[in-house]
Amino acid sequence: MSSRKSAITDYPVLELIKNRWSPRSFSPEPVKKEILFSLFEAARWAPSAYNEQPWHFIVAHKEDNKLYPLIINTLVPFNKQWASFAPVLIVCVASKFFSHNGKPNSYASYDCGQAVAYLTMQALSHDIYVHQMGGFDKESLRNNLKIPDDKEIINVMALGYRDTPDKLSEEMKKTELAERQRKKMADWTVI
Ligand SMILES: Cc1cc2nc3c(=O)[nH]c(=O)nc-3n(C[C@H](O)[C@H](O)[C@H](O)COP(=O)(O)O)c2cc1C
C-alpha cells in the first residue's frame, strides 16, 4: 500500500503525526472492543475547559444492522460511497452546557476536537485509521439517533484498518494515492 502519504515535513515531528492521514479504503476486518477501549481511554485524557469532558461517542459496528444504517444513511452520497467500507462508525456529540453552572460551554466543540485528535493518534498506534466527516445531514442524524437538543453533533468518523485503494472509484483512488498537501507555516504564523 502507498507510503507517499507520510507527511513530508519541513521540521521533525513525531512519527505518528507524520503517518496519520484520512484514508477512504477500509478493510472489512472488525476492530476489537479492547482496542476501541484504548482509543476512548486516550480521548478520556484530553484536556478540556473546566475539565468538563463534554464529549460523547456513539459507536456503530458494521454487524449492527440497526444502528450502522441509521448513521450511514445520513451521509452525503460521496461519503456514503467510501465510508460504507468502514467496520466502525463513530458519532461525536458535545454537551452544550457546563455541568457545574448550566451555562453555555463555548469550548465544547473545541474540546471534542481535542478528544478526537487523541483518539485518532491512539488509533494509529494500533494501525487503525480515522477519517472524520462533516458531510452528513445533522437533523436526520439527530432524529435517527434521538439526540436531545442540549447536545451538539460534532462529526461522524469512519475507522478501521486500511485496504487497497483498488476498491475505490477512479476519482477517490487518485486522492487516496496523492501526496498530502499543507499550507506553508509562514501562511499562518510568525515566530
Ligand atoms: C471536521 C472535519 C470534517 C471533514 N469532512 C469530511 C467529509 O465530509 N468527507 C471527506 O471525505 N473528508 C472529510 N474530512 C477529511 C479532510 O478532508 C482531511 O482531513 C483533509 O483533507 C486533510 O487530509 P489528511 O487528514 O489526510 O491529512 C473532514 C475532516 C475534518 C477534520
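Remarks
- Identity of the residue in the stretch 5-22, touching a residue at least 40 places away in the same chain (Cβ under 8 Å) and within 19 Å of residue 183 (Cβ to Cβ), that ends up farthest from the chain's Cα centre (by Cα): 10
- Of all residues in the stretch 138-167 being touching a Lys or Arg at 6+ places or on another chain (Cβ under 6 Å) and within 15 Å of the ligand (Cβ to nearest atom), the one that is nearest to residue 98 (Cα to Cα): 152
- When 90, 35, 58 are checked against the criterion of being under 21 Å from residue 125 (Cβ atoms), within 16 Å of the chain's Cα centre (by Cα) and more than 16 Å from the ligand (Cβ to nearest atom), 35 stands alone in meeting it.
- Residues within the stretch 94-104 that are touching a residue at least 60 places away in the same chain (Cβ under 8 Å) and out of contact with any helix residue (DSSP H, G or I) (no Cβ under 8 Å at 6 or more places or on another chain), tallied: 0
- Yes/no for residue 76 being more than 16 Å from the ligand (Cβ to nearest atom), surrounded by fewer than 22 Cβ atoms within 10 Å (Cβ to Cβ) and modelled with pLDDT of 95 or more: no
To keep it simple, each residue is scored yes or no on (1) aromatic (Phe, Trp, Tyr); (2) farther than 29 Å from residue 183 by Cα; (3) in contact with a Phe, Trp or Tyr (Cβ under 9 Å, 6 or more places away or on another chain).
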residue	(1), (2), (3)
46	no, no, yes
52	no, yes, yes
74	no, yes, yes
97	yes, yes, no
105	no, yes, yes
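- Conditions (1) closer than 17 Å to residue 124 by Cβ; (2) within 16 Å of the ligand (Cβ to nearest atom); (3) surrounded by 12 or more Cβ atoms within 10 Å (Cβ to Cβ): number failed by residue 15: (3)
- With respect to (1) part of a loop (DSSP other than H, G, I, E, B); (2) more than 12 Å from the ligand (Cβ to nearest atom), the lone exception for residue 40 is condition (1).
The values are calculated or read from the model by the stated rules, or taken from the named source; none is laboratory data. Everything quoted here is computed from the prediction, not taken from an experiment. Positions of Cβ are backbone-derived with ideal geometry, glycine not excepted, and every protein chain shown enters the neighbour counts.
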